[in-house]
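First up is the structure itself, then whatever we jot down about it.
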Amino acid sequence: MTTAGTGTYSPKPGAAPLPRMIAAQAALETKMLLRNGEQLLLTVVIPTLLLVLFSSVDIVDTGAGEAVDFLAPGILALAVMSTAFTGQAIATGFERRYGVLKRLASSPLPRWALMTAKTVSVLVTEVLQIVLLTVIAFALGWSPQGNPLAVLLLLILGTAAFSGLGLLMAGTLKAEATLAAANLVFILLLVGGGVIVPLDKFPAGAQDVLGLLPISALSDGLRDVVQHGAGMPWGDLGILAVWAVVGLGAAGRFFRWE
Amino acid sequence: MRTEPVVQVQALVKRYGTKTAVNGLDLVARAGVTAVLGPNGAGKTTTVETCEGYRKPDSGSVRVLGLDPVRQSGELRPRIGVMLQSGGVYSGARADEMLRHVAKLHAHPLDVDALIERLGLGSCGRTTYRRLSGGQQQRLALAMAVVGRPELVFLDEPTAGLDPQARRATWDLVRDLRADGVSVILTTHYMDEAEQLADDVAIIDGGRVIAQGSPEELCRGGAENTLRFTGRPGLDVGSLLKALPADCTAAELTPGSYRVVGKVDPQLLATVTSWCAQHGVMPEKISVERHTLEDVFLELTGKELRS
């Protein structure tokens, strides 16, 4: 009982070349992120508002010098955290919940290539954020200094640390729990991580602990370089590297795809 | 055209905690359309997801297109198409966007526009996935399973909850896939779906295959057909029985309602009607009931299929 077909669906299987798959995946992930209102609120609106508000209104004592010189590095750190940690955790948590990760796992795209694409998408978003925030900071009278290489290293290690923690959360908790926890952590680290409130406003004992948080290491490191023109902030880089290794390692070990 | 099996499952066991979902299941599927039929919780999805490489067997072996779905996943994945029971799409993605994306992951995809047209997904427009109707979501998932021009397609309950028109569209596509040489494994709890589409049906219950064969074979095996007619009450059933072939039975179930059970063929029908003519009986209603897969299932398991 063979019916002759038209040949439209005749098998012709094959995976697309890897670079094309990764580029397509990264483009789609970025598009999904930029289309999502809540994500934009987190990654663009909140950092921009905080930068403009606290630079122009004297609410927090940011020490000597222009407020924007203190705030800009902290806001850049916040931008990295909002994308690599909060945004990525929430998006990935819901992708897991809605079977997107599961469906992609049976497509020709290898898992490592999916994670690569996610990283590319995070980096592209960060570049857009940094360009936007830098332009605004300059308009507010920002005068950065320091070694660009040190800045780049801090941003990359910060991204790695936050990505690991975000993926760990997304791959182990329920999507709703991830949503709530990621937002809560965002707010706690925004307040207690030296982003807009200098760490030396906290009691001495708390400062030591808070200083070990990835957000504090990133904002403190960026501030040392960009505001004070310090050399390589090895201590902060070290803290971020430890978080990156622990976070990515745990995510790799405990991440559940469905 | 009996070639290499596309799927070969041997003594598959899969447990979730203390619950055994699949319990020593054997299944061989060859080219064509194979329906895996069974009630909810029978182990259909677990079996199929093991073939797709999502689950590792606790014991037993699984080969798909000759490959181990877990260890040779990289080689297998481009050659199969997968339709999950639900989900699988970014909630913020549009139908055409997601389909184009999956197409980009393959080397020689189908023409996406033609496929969108074919499955009536053009009307989705700029609507994102989460706002599509259930039927549109199902058809998108089906399109995603075939767009990469796979050799073998797994469809997990492809028409569950679809309206009749959408069901027919899905059936037509499955027939076209088969005609073009694509093998299809589909799970279903709809009898008519299996009868309409499948070359081969595997009936699963309690984590095992309890019967397998073509729909015709399954319906024939052990199962006889029924002829019913109504006439005036109190006819001489003994005389009717004498006129019938030896292996038939006849009875008056309720006054005026008669049933003949046996191999119902044109000859038997003629025998019954001529007996009626001889006895001056006008059969008011006469009907032939073919044994369906539903009856087969009921006999095999003592259960209704859609429980």
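Over the range B:7-73, the ratio between the Cα radius of gyration and 2.2 N^0.38 Å evaluates to 1.04. Working note: Karplus 6.51/-1.76/1.60 with θ = phi - 60° gives the range A:224-230 the couplings 4, 6, 7, 8, 10, x, 6 Hz, where Gly and Pro are set to x. With only the Cα atoms considered, the range B:96-190 has a convex hull volume of 95 Å³ per residue. Peptide A:26-35 is shielded by partner chain Cβ atoms: per residue, an average of 3 of them sit within 10 Å of its Cβ. For chain A, the longest principal axis of the alpha carbon atoms and the long axis of helix A:46-56 meet at an angle near 20°. Between the Cα long axis of helix A:67-80 and the first principal axis of chain A there is an angle of about 20°, rounded to the nearest 10. For the range B:66-123, the equivalent ellipsoid derived from the Cα gyration tensor has semi-axes of 25, 14, 10 Å, listed largest first. Between residue A:53 and residue A:145, what FRET efficiency follows from the Cβ-Cβ distance if R0 is 30 Å, with the result rounded to 0.05? The pair residue A:53/residue A:145 has a calculated efficiency of 0.80. Fewest-first ordering of A:169, B:282 by other beta carbons within 10 Å of each residue's beta carbon gives B:282, A:169. The C-alpha atoms of chain B define a longest principal axis, and helix B:134-146 lies at about 70 degrees to it.
I want to make sure I understand the PRE zone here: with the label point 7 angstrom from the Cα of residue B:108 toward its beta carbon, which residues in the range A:100-114 have backbone N atoms less than 14 Å away? No residue passes the distance filter.
Strictly greater than 32 Å: what percent of every Cα pair in chain A meets that?
Cα-Cα pairs in chain A separated by more than 32 Å: 26 percent.
An ellipsoid equivalent to chain B, defined through the eigenvalues of its Cα gyration tensor, has semi-axes of 45, 23, 17 Å when rounded to whole angstrom and sorted largest first. Fully extending the segment from residue A:138 to residue A:40 would add 33.1 nm, taking 0.36 nm per residue of separation and subtracting the current Cα-Cα distance. Neighbour counting of Cβ atoms within 10 Å sorts the residues B:51, B:276, fewest neighbours leading, into B:276, B:51.
Look at A:216, A:163 and count the other Cβ atoms within 10 Å of each Cβ; fewest to most, that gives A:216, A:163.
Restricting the count to DSSP beta bridges whose residues both fall in the protein assembly as shown, what percent are antiparallel, rounded to a multiple of 5?
Percentage antiparallel, nearest 5: 65.
Residues whose amide H falls under 5 Å from that of residue B:21, counting only those 5 or more places apart or on a different chain, are B:14, B:15, B:16, with hydrogens built in the peptide plane. Candidates A:136, A:17, A:70 compared by Cα position along the dipole of the protein assembly as shown: farthest toward the positive end lies A:17, with charges placed on Cβ.
Spatially, the range A:232-248 and the range A:108-183 are offset by 15 Å when compared through their Cα centroids. Its residues counted as N, the range B:225-290 yields a C-alpha radius of gyration over 2.2 N^0.38 Å of 0.96.
Between A:64, A:150, A:79, the Gaussian network model of chain A with springs among Cα atoms under 10 angstrom shows the greatest mean-square fluctuation at A:64. Taking label points 7 Å from Cα along the Cα-to-Cβ direction, residue B:298 and residue B:279 give a separation of 2.6 nm.
Averaging over all projection directions, the Cα-based convex hull of the range B:22-173 occupies 9.4 nm² in the image plane. Our coupling estimate for the range B:155-172, obtained by passing each phi through the Karplus curve with A = 6.51, B = -1.76, C = 1.60 and θ = phi - 60°, is 10, 9, 6, x, 10, 4, x, 7, 6, x, 5, 5, 4, 4, 4, 5, 4, 4 Hz, Gly and Pro reported as x. Largest GNM mean-square fluctuation across B:164, B:78, B:39, computed for chain B with C-alpha springs under 10 Å, falls on B:164. The radius of gyration of the Cα set in the range B:168-210, together with its Dmax, comes out at 11.4, 34 angstrom. Summed over all non-identical Cα pairs, the Kirkwood treatment of the range A:168-258 gives a radius of 14.6 Å.
Return the inverse of the average 1/r over all pairs of distinct C-alpha atoms in the range A:33-79, which is the Kirkwood hydrodynamic radius, in Å to one decimal. Over the range A:33-79, the inverse of the mean reciprocal pair distance is 11.4 Å. For the residue pairs A:174/B:44; A:31/A:102; A:118/B:56; A:118/A:174, the alpha carbons lie more than 23 Å apart in A:174/B:44; A:118/B:56.
How many percent of the alpha carbon pairs in the range B:121-265 exceed a separation of 24 Å?
Summing the P(r) tail past 24 Å for the range B:121-265 gives 54 percent.
Its residue count N sets the reference 2.2 N^0.38 Å, and the alpha-carbon radius of gyration of the protein assembly as shown equals 1.32 times that reference.
Computed from the coordinates by the stated procedures, all read-outs in this text should not be read as laboratory data. Everything numeric in this text was worked out from a predicted model, so none of it was measured. A quick note on method: Cβ atoms are made from the backbone with ideal geometry, for glycine too, and the neighbour counts reach across all protein chains shown.
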